[in-house]
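Input: a single structure, listed below in structure tokens.
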Amino acid sequence: MTGPVIGVLGASGAVGRAAVRELRALGHTGLRLGGRTASALSAVAAEDPAGHDETVRADATAADGLRAFTDGCDIVLNCVGPTYRLRATVAAAALAAGARCVDVAGDDPAAEDLLGSGAPSRDGRTVVLSAGALPGLSGLLPRWLARQGLDSAATLTAYCGGLETCSPTVAHDLMLSLSSGGADGAAYGEPLAAVRGGRRVPRALRADEDAVHEAFPGRVAVQPYLSGESERLATALGLDRLDWYNVHPGPAVRALLNLLPGRLAAGDDPDRLAERLILAADLDLAGRKPYYVMDFALTGTASGTPATAGLTLRAASSYRLTAAVGALAVDAVLRGEAPAGVHFACDVLEPDRVVRHLREHAVADLRLTGAAAGAEQTEEGVL
């Protein structure tokens with residue numbers, strides 16, 4: 001192998017396989033592909049025309065398997081889960097092997113574990129967490145939008161969701177997020193909460209089971225949901241108000257989501273519930289084209305007058321969005337653009353570079369409106 005050794009754990013999964021392609025598109029070769037199924041890994045390696053990739057059987061739940069995979073890596077990109085069960089397991093193994101780490105998820109639980117150990121800062125290595133679509137891109141795009149034609153931002157309204165298959169990892173993480181995934185052992189986010197006056201206010205919004213939004217085809221259900229990432233975003237942008245909505249276009253998934261807390265409390269088998277989530281997603285998708293949308297509207301000032309800037313991202317898959325952000329985070333760490341320590345991707349990735357990659361590599365379509373559209377047209381004219 002030449003150049004840094006990049007290990008992709010979970011390389012044959014929905015995100016991992018796409019991440020391998022994104023890394024190759026960024027010019028990285030000689031990847032180390034890790035996973036539990038040798039035949040699936042070989043299939044991913046066969047996509048490399050130069051044949052420089054290697055495959056290593058690795059199981060994130062087995063210490064010996066992780067050690068064999070991480071030894072010799074310069075950086076590890078973790079694409080396996082369930083996130084809230086593994087926490088910092090993969091990152092800790094990478095650090096123990098002298099490597100850096102990027103995790104497409106990880107979130108607050110992994111950050112707490114790593115910050116508690118002090119290992120990354122003490123050893124001068126970098127760990128980047130939440131390098132995915134949501135969280136990750138969901139915190140980065142509003143930062144980018146705030147630069148487009150606005151002098152300052154005061155309010156943000158966001159709608160994120162789509163219609164696509166549900167992987168086993170996503171299904172299990174979704175259930176685990178009901179009781180973990182946030183800071184200090186809390187749930188990942190708080191339904192119905194919003195930011196008012198720069199702080200979290202419980203039950204500030206209402207869900208709507210039959211809504212219409214121009215960025216989404218047909219009628220959808222919208223669920224207000226405030227996460228730790230969203231609260232940090234409000235602080236970073238100095239927002240007075242933030243309303244965040246998760247969008248559920250399919251009735252089968254939405255109906256099951258409403259039942260999940262009660263079924264888990266009643267002691268239903270999580271594996272069976274995960275199977276039901278996967279089936280519900282397939283039922284909602286039947287005969288329809290998959291898609292994923294992020295829609296943001298920022299209000300603030302431009303040249304001293306009130307202004308609004310909008311951004312709508314449309315993609316065929318949130319999994320590919322996650323893969324692209326993960327690969328860009330790996331590339332940023334290798335370029336020395338992310339300092340030592342533990343970071344969330346939205347805090348260390350350069351928004352302009354991420355947006356440019358999404359556009360140039362046809363990962364997503366991004367449309368700007370209001371002050372943002374005018375600012376981009378001006379920039380293109382200057383160029």
Can you give me the accessible area per residue for the stretch 275-377, using a 1.4 Å probe, in Å²? 42 Å²
Measuring from its Cα centre, the chain shows a charge dipole (+1 at each Lys and Arg Cβ, -1 at each Asp and Glu Cβ) which, in debye to the nearest 20, is 200 debye
Please work out whether the stretch 157-212 counts as rounded, prolate or oblate from its C-alpha gyration tensor, where a ≥ b ≥ c are the square roots of the eigenvalues and a/c under 1.5 means rounded, while otherwise a/b larger than b/c means prolate and anything else oblate? oblate
What do you get for trypsin sites (Lys or Arg not before Pro) in the stretch 232-336 restricted to DSSP loop and a cutoff of at most 13 other Cβ within 10 Å of the site's Cβ? Arg288, Arg335
With a ≥ b ≥ c from the Cα gyration tensor eigenvalues, square-rooted, and the rule rounded for a/c under 1.5, otherwise prolate when a/b > b/c and oblate otherwise, the stretch 43-99 is prolate
Would you mind counting up the charge near Glu360? Only other residues with Cβ under 13 Å from its Cβ, with Lys and Arg at +1 and Asp and Glu at -1. 0
Express the relative contact order of the stretch 214-369 as a whole percentage, based on alpha carbon pairs under 8 Å and six or more residues apart in sequence. 17 percent
Which shape class, rounded, prolate or oblate, goes with the stretch 284-383 when its Cα gyration tensor gives a ≥ b ≥ c as root eigenvalues, a/c under 1.5 marks rounded, and past that a/b bigger than b/c marks prolate? oblate
If you build a Gaussian network model of the chain, linking Cα atoms that sit under 10 Å apart, which residue out of Ala25, Ala92, Ala329 swings the most? Ala25
Computed over the chain, the relative contact order (Cα-Cα under 8 Å, seq sep at least six) in percent reads 20 percent
Probe of 1.4 angstrom, ligands and nucleic acids ignored: what's the accessible area per residue over the stretch 129-204, in square angstrom? 36 Å²
Within the stretch 151-186, name every residue whose backbone N is under 16 Å away from a label modeled 7 Å from Cα of Arg232 along the Cβ vector. 181-186
Mind checking which of Leu114, Leu279, Leu41 has the largest fluctuation in a GNM of the chain, springs on alpha carbons under 10 Å? Leu279
Tell me, what HN-Hα J-couplings in whole Hz come from the Karplus equation 6.51 cos²θ - 1.76 cosθ + 1.60 at θ = phi - 60° for each residue of the stretch 326-334, using x for Gly and Pro? x, 5, 5, 5, 4, 4, 5, 5, 5
Could you please state how large a percent of the accessible area of the stretch 4-81 is carbon and sulfur, counting protein chains only and using a 1.4 Å probe? 50 percent
Expressed as a whole percentage, what fraction of the accessible surface of the stretch 185-246 belongs to carbon and sulfur atoms when a 1.4 Å probe is rolled over the protein heavy atoms? 48 percent
Kindly sort Thr308, Thr83, Thr299, Thr235 by accessible area of their heavy atoms, largest first, with the probe set to 1.4 Å. Thr235, Thr308, Thr299, Thr83
Just to be sure I understand: with springs between alpha-carbon atoms less than 10 Å apart, which residue in His52, His343, His28 has the highest mean-square fluctuation in the Gaussian network model of the chain? His52
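The values are calculated or read from the model by the stated rules, or taken from the named source; none is laboratory data. Here the structure is a predicted model, which means the values were calculated and not measured. With ideal geometry, Cβ positions are generated from the backbone for all residues, glycine too; neighbour counts draw on all protein chains shown. Quick note on the areas: whole protein, heavy atoms, side chains included, nothing else; ligands and nucleic acids left out. Shrake-Rupley method; radii C 1.70, N 1.55, O 1.52, S 1.80 Å.
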